[in-house]
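The values are calculated or read from the model by the stated rules, or taken from the named source; none is laboratory data. Keep in mind the model is a prediction, meaning the values are calculated, not measured. Quick reminder, even Gly has a Cβ in these numbers, built from the backbone with ideal geometry, and neighbours come from all protein chains shown.
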């Protein structure tokens, strides 16, 4: 079994790019990653790729080159990017191939997602009567969490304020203007307690990462990180998930909790060892809850941690150093890989104005989505 | 019997002569587990009425008109509250909330099942269920 290394990373800026399709943004990210590593598409032995709503990834070979590459499409909803990465991880680890790529991209129309009940195994009345909205789920999860664990609205605003501050420092971010906490708090409510600046928006973007075996990574001698753990987990009994007409009275852990435990075990490290983290921030409350679900603090400790700036760049545990989904937007197929892209940049000292100080060696990423799936990656320089 | 608008789903919701609503779940005849909404498979699931009273588990307000489809409500949009209500030791059920100001809901508030007129954008009128604070219920 080989260890698994990320030796190159490319990104197509997030936000809105009307002149390029999602697929074209994906191919753009692939070319960026190859150029950064000084490699050619012909060098790639395998590819995993996917989008949720922007087409079939393997059709990008017509733009990148008809090399006959083994190209596997991944469709796993919000964990599409994480699953593509997991495919690359397992392929290298098994010794099947030495060098390959994972690409995730997406392009969503404006406004909230508009799911169809039948595709989720739900009756029509659930959608008809206005209960089938991801925004309601996130609002109700943080609403209860705030009441149970003493989290306040100004803390929700502080998370969004940090995201926009970090976004001003990231070339690939969509929102590049700071927004202060008072403005965030006073903005119109979307779903109480969350205002419009506390929610990410469906968007566009693409990320590609190049994976290599230990032997190949050594041969190429490029700046690299080791993928110490990659874990994808679906929901256990009693978790609270999007599009749930009812919940079990007996509550249980989230898919994030079990994915996180599995990843820490694989990597042989603990939350206290992590120096930079990218956590799913569909809305600002999600970042708060995911700090605890991933083991970085106890429930309720976020209130003080965020107030003292612990999650800012330069804090004890910088979280979402490129502004996360709040500043980058949410192209479903690309977000999970964006987080790993950001960690690669941070650990190889290429993060520029948003570089986490202190020469970080160990970074963590967590993507979460419907219908209850979490993907974790732990990388080490 | 007066001519009330039909329920949004016959297996989910029934109304008696006094218009008192009942919500149903399906009990798996083998495992004994409750499924909600009740699955259509009568061989495997027995319809079982849920308690009408419970406590508010969480809530929010839908402040913008949801995308249609799937939303089938009227073009003229009024914000509405949504919540989860813990119905004893059965299930925590999601539904619209009514009977209090939009910011008047609190976790652990006693709630009771009620009905709400649901006017669809296509002109069809149906009866749906909602939960209302117990002191508000007549």
Checklist entry - Where in segment A:105-218 are the helices (runs of 4 or more DSSP H), entirely inside, with at least 1 residues that are within 14 Å of chain B (Cβ to nearest Cβ) and either surrounded by fewer than 21 Cβ atoms within 10 Å (Cβ to Cβ) or modelled with pLDDT of 95 or more (or both)? => result A:124-128, A:134-149, A:153-167
Checklist entry - Would you pick out the residues in segment B:1-32 that are more than 14 Å from every other protein chain (Cβ to nearest Cβ), part of a loop (DSSP other than H, G, I, E, B) and closer than 27 Å to residue A:237 by Cα? => result B:29, B:30
Next on the checklist: Let me spell it out: the conditions are (1) surrounded by 24 or more Cβ atoms within 10 Å (Cβ to Cβ); (2) touching a helix residue (DSSP H, G or I) at 6+ places or on another chain (Cβ under 8 Å); (3) in contact (Cβ under 8 Å) with a residue 40 or more places away in the chain, and residue A:77 meets all of them except one. Which number is the exception?
Outcome noted: (1)
Item to check | Selection within segment A:11-53 - surrounded by fewer than 24 Cβ atoms within 10 Å (Cβ to Cβ), under 17 Å from the mean Cα position of the chain (by Cα) and modelled with pLDDT of 95 or more | outcome: A:13, A:15
Checklist entry - If a residue has to be within 22 Å of residue A:283 (Cβ to Cβ) and either in contact (Cβ under 8 Å) with a residue 60 or more places away in the chain or away from every other protein chain (no Cβ under 12 Å) (or both) to count, how many in segment A:248-257 make the cut? => result 5
Item to check | Test set (1) touching a strand residue (DSSP E or B) at 6+ places or on another chain (Cβ under 6 Å); (2) part of a helix (DSSP H, G or I); (3) buried (at least 24 other Cβ atoms within 10 Å of the Cβ) - residue A:258 fails condition number | outcome: (3)
Item to check | Residues that are more than 30 Å from residue A:30 (Cβ to Cβ) and touching a strand residue (DSSP E or B) at 6+ places or on another chain (Cβ under 6 Å), drawn from segment A:286-316 | outcome: A:311
Checklist entry - Mind checking whether some residue in segment A:63-77 is touching a strand residue (DSSP E or B) at 6+ places or on another chain (Cβ under 9 Å) and within 30 Å of residue B:59 (Cα to Cα)? => result yes
Checklist entry - Within the group A:237, A:245, which residue is modelled with pLDDT under 95, surrounded by fewer than 22 Cβ atoms within 10 Å (Cβ to Cβ) and within 14 Å of chain B (Cβ to nearest Cβ)? => result A:237
